[in-house]
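Have a look at the structure below before the remarks.
The values are calculated or read from the model by the stated rules, or taken from the named source; none is laboratory data. Please read these numbers as outputs of a predicted model, since none were measured by experiment. FYI the Cβ positions are ideal-geometry reconstructions off the backbone, even for glycines, and counts take in every protein chain you see. These accessible areas exclude ligands, DNA and RNA; they are computed on the full protein's heavy atoms, side chains included. Shrake-Rupley method; radii C 1.70, N 1.55, O 1.52, S 1.80 Å.
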Amino acid sequence: MRGTKRVRQLLWRWRSNPLRRHDDVVEAWIVLAVWLVIAIGGTLTGLLTAHAADASFARLRHERHSVQAVVVSATTPTAGIGADTPYDRVQATVRWTATDGSTHTGRALVDYGHRAGSKVVVWLNSKEQPTTQPPTASAAAAEAACLGAAAALAFGGLAFAAGRLTQWRLDQRRYDQWGREWDQVGPQWRRKTT
């Protein structure tokens, strides 16, 4: 019996009531539509975004490949890079042999500490130009999930804001209507002061 009472309380705007206004029914449908848009649209937006991001990362993994290269010269590190930060990377001129057997030279990021003549791994894009390492499958999946969640939240936030704006507009319309009604009824209840 208590469950039925809760459902009736939740659906009060649709119940027959002499005090129910047309705006109350409109507002109830708006609230229902907004929550459906948030639930369904947010889920679809999140899934589509995550799928698109994962496909983009997979394409990067497919297009990029690693090659062995030799450091020709490394740039002098800027202040703050050194033994205290061993994972920093610096720009270096490297030489590598392409898949067609030709030798190429270019600038690439290498780990700090490599000297001229050191062997390093360089990532190349489909045009055989140095680029960054593509994300691993697990890192790509995590990033795609984060992007999908962010897209779903952004979509839900926009839908919620649109619903709140519509509700605010309905409230303003009700306030105006109450003001007009009070202007008609108020003088009958009391005298106005001037």
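Some points to look at:
- Shown here for segment 12-74: chymotrypsin sites (Phe, Trp or Tyr not before Pro) in loop regions (DSSP other than H, G, I, E, B) with at most 13 other Cβ atoms within 10 Å, namely Trp12.
- In the context of the full set of protein chains, segment 133-194 has a per residue accessible area of 77 Å² (1.4 Å probe).
- Surrounding net charge for Asp111, when Lys and Arg each add one and Asp and Glu each subtract one, Cβ distance under 13 Å: +2
- Formal net charge of residues neighbouring Ala137 (Cβ-Cβ distance under 10 Å; K, R +1; D, E -1): 0
- Total formal charge among the other residues, if their Cβ is under 12 angstrom from that of Gln68, Lys/Arg +1 and Asp/Glu -1: +2
- When the solvent-accessible area of segment 100-149 is split by element, carbon and sulfur atoms take up 54 percent of it, the probe being 1.4 Å.
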